[in-house]
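J.: Before I ask anything, here is the structure I am working with.
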Amino acid sequence: MATEPIASTLKPRTFSHPAVTDPAALSFGRAPRPVRCRATGLVLGAGQVYPELNFTLPPMLVDAQTWPRVRAVYTDIIDAVVRRAEDLALPGLVVEFEHLPPMTAEPARGAELTRLLKDRLLRAQSDFGLKAALRVTIVDLRDELRPPPRRSGAAWSAMRQSLEQCAAAGADILSIESTGGKEVHDAALTRADLAGIVFALGVLAPRDMAWLWDRFVEVAAAHGIIAGGDSACGFENTAMQLAGQKMLPDVLAALVRALSSVRSLVAFERGAVGPSKDCAYEGPVMKAIAGVPIAMEGRSATCAHLSPIGNVAAAMADLWSNESVPDVRLLSGPAPIASLESLVYDCRLLNAALARGSERELRDLHVASDLPHSAQAVLLSPAATVALAEAITRVSDPYARTLAAGRTAITILEQADRDGVWRMPARERKWFDRLRAALDGLPEAPDALHAQIAPRYGALFDPRAYDL
């Protein structure tokens, strides 16, 4: 399959040990390797938690006829955001411009809105000193065809152009919620088929991540901006939502969350520096291994989705996000402004704890409030995060890492149940035992797993798109 060459000379790395090995050293607002946004001087992970606001359009079409209305909506929102930021004396802010599909498919559209948003943020810095960064998250369009052509074609061409044009138009941080392997993962998840899930997350996804993030890092380096991070949202958060609807067991959703950490780590091994994406609940493991600042979302993201991890998600956050909110009217005003205010007050509390040196106590309260209620919360504790980070970095092959993450997650959940920290519901026990047995029965070599799953899922993906 023909693909364009990559000119980047950046050498990938393999993390052989975590940056953080003591759970006590994992907390919100501080990361071993802070990130500075060059254009505005905003520093992330250096002792403060900042809000990250994501807003989108109300339900409407996006096409040539509606484009003036689209531009007007984004203009009105960002102007209102800047005004409220000044009223709240906000010292720093990240605005995430998460593309809708037509904004990546037509690169000039995404670039136009990027320029509009960045101009308003720069004006706010000039007017009242707001240090603000703009994260641009493009859409992974490559799933439009089946099986998806991951490395060529019109969808990838539009994505590459969108990256280039948004970087030139003023993006400070580049991100994506990539979907390599999702064509298999979705089918396997609905069957609770761990062999297919592990193949998608441990074989397909890391290969796509390496290819994709080499190109993200190349674009970011060429424009002097930040390659932020990816998100396993399409994998782990799909599992979380299905579990929340009682369509899948919570223990499976928790296991998928641990398994997803390996594919997201690849972005940082290829040169990304953070902040990770807000919907990447695997972010704490990225922080522990790579030392990067992370964005997280929880209780203040209920405008976008429900979850069992609304407090524990804040325990290690450096950016605190609302996930996304449409521009609709609430009693208080536009929904994006209400979201901003919620985020600001959350961040004030976290930063007050940092200023007093009491962040560990507040962190532990966030953890303790969620831990008894969900297996997913158990795996987001600082102790579980370090255990997963250590297991993943003991080996180097992505498939071996995925198996190690899964086995470690099983051990953590068993111990939590044994200690009474979290009680495994009876309805979950048979699923837990089944998943543990399935994980123990997986082959140690990825080629053997490929042969095993091929009869069920081989028609869903193109091996050439993954160098298989």
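The values are calculated or read from the model by the stated rules, or taken from the named source; none is laboratory data. Because the structure is a prediction, the values reported are computed rather than measured. Backbone-built Cβ (ideal geometry, glycine too); neighbour counts: all protein chains shown. When the accessible area is computed, the model is the full protein with side chains, heavy atoms only, and any ligands, DNA or RNA have been set aside. Shrake-Rupley method; radii C 1.70, N 1.55, O 1.52, S 1.80 Å.
J.: Among the candidates L141, L134, which residue alone is out of contact with any strand residue (DSSP E or B) (no Cβ under 9 Å at 6 or more places or on another chain) and in contact (Cβ under 8 Å) with a residue 12 or more places away in the chain?
T.: Numbers: L134 fails: out of contact with any strand residue (DSSP E or B) (no Cβ under 9 Å at 6 or more places or on another chain).
Residue meeting the stated conditions: L141.
J.: Same structure, new question: Select from the range 144-162 the residues that are more than 20 Å from R207 (Cα to Cα) and surrounded by 16 or more Cβ atoms within 10 Å (Cβ to Cβ) and write down the one among them that is nearest to the chain's Cα centre (by Cα).
T.: Step one: of the range 144-162, the residues more than 20 Å from R207 (Cα to Cα) are 154, 158, 161-162.
Now drop any that are not surrounded by 16 or more Cβ atoms within 10 Å (Cβ to Cβ), which leaves 158, 161-162.
Numbers: A158: 22, Q161: 22, S162: 20 Å.
Filtering first and then ranking leaves S162.
J.: Can you name the residue in the range 224-280 that is open to solvent by less than 10 Å² (accessible area, probe 1.4 Å) and among the acidic types (D, E) and, of all such residues, is nearest to Q48 (Cα to Cα)?
T.: Among residues in the range 224-280 that are open to solvent by less than 10 Å² (accessible area, probe 1.4 Å) and among the acidic types (D, E), the one nearest to Q48 (Cα to Cα) is D278.
J.: So, one more: Let me confirm something: among L265, L259, L248, L242, which residue is part of a helix (DSSP H, G or I) and farther than 15 Å from K182 by Cβ? Talk me through it step by step, then tell me what you get.
T.: Working: L259 fails: farther than 15 Å from K182 by Cβ; L248 fails: part of a helix (DSSP H, G or I); L242 fails: farther than 15 Å from K182 by Cβ.
Only one candidate qualifies: L265.
J.: For the range 221-239: of the residues being in a helix (DSSP H, G or I) and more than 12 Å from the chain's Cα centre (by Cα), which is farthest from E323 (Cα to Cα)? Don't jump to the end; show me each part of the working.
T.: Within the range 221-239, the first condition is being in a helix (DSSP H, G or I), and the residues that meet it are 221-223, 233-239.
Then keep just the ones that are more than 12 Å from the chain's Cα centre (by Cα); that gives 221-223, 238-239.
On the way: A221: 27, A222: 29, H223: 26, T238: 15, A239: 17 Å.
So the residue we want is A222.
J.: Also, quick follow-up: Select from the range 316-341 the residues that are more than 15 Å from A80 (Cα to Cα) and of a type in the set (G, A, S) and write down the one among them that is most open to solvent (accessible area, probe 1.4 Å).
T.: Applying the first criterion (more than 15 Å from A80 (Cα to Cα)) to the range 316-341 yields 316-324, 331.
Next, from what is left, pick out any that are of a type in the set (G, A, S): 317, 321, 324.
Numbers: A317: 0, S321: 0, S324: 21 Å².
The selected residue is S324.
Yes/no per residue for (1) acidic (D, E); (2) open to solvent by less than 50 Å² (accessible area, probe 1.4 Å); (3) assigned to a loop (DSSP other than H, G, I, E, B); (4) touching a Leu at 6+ places or on another chain (Cβ under 6 Å):
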| residue | (1), (2), (3), (4) |
| --- | --- |
| G41 | no, yes, yes, no |
| N54 | no, yes, no, no |
| P59 | no, no, yes, no |
| T75 | no, yes, no, no |
| L93 | no, yes, no, no |
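Yes/no matrix, rows are residues, columns are (1) touching a residue at least 40 places away in the same chain (Cβ under 8 Å); (2) closer than 22 Å to S264 by Cβ; (3) outside any helix (DSSP H, G or I):
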site	(1), (2), (3)
R401	yes, yes, no
T408	yes, yes, no
Q415	no, no, no
R418	no, no, no
E428	yes, no, no
L435	yes, yes, no
A438	yes, no, no
E444	yes, no, yes
A451	no, no, no
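J.: Yes or no: the range 107-123 includes at least one residue that is acidic (D, E) and closer than 24 Å to A301 by Cβ. Give the steps one after another, and end with the answer.
T.: Our first condition is that a residue be acidic (D, E); within the range 107-123, this holds for 112, 119.
Okay, now just the ones that are also closer than 24 Å to A301 by Cβ, so none.
No - not one qualifying residue is present in the range 107-123.
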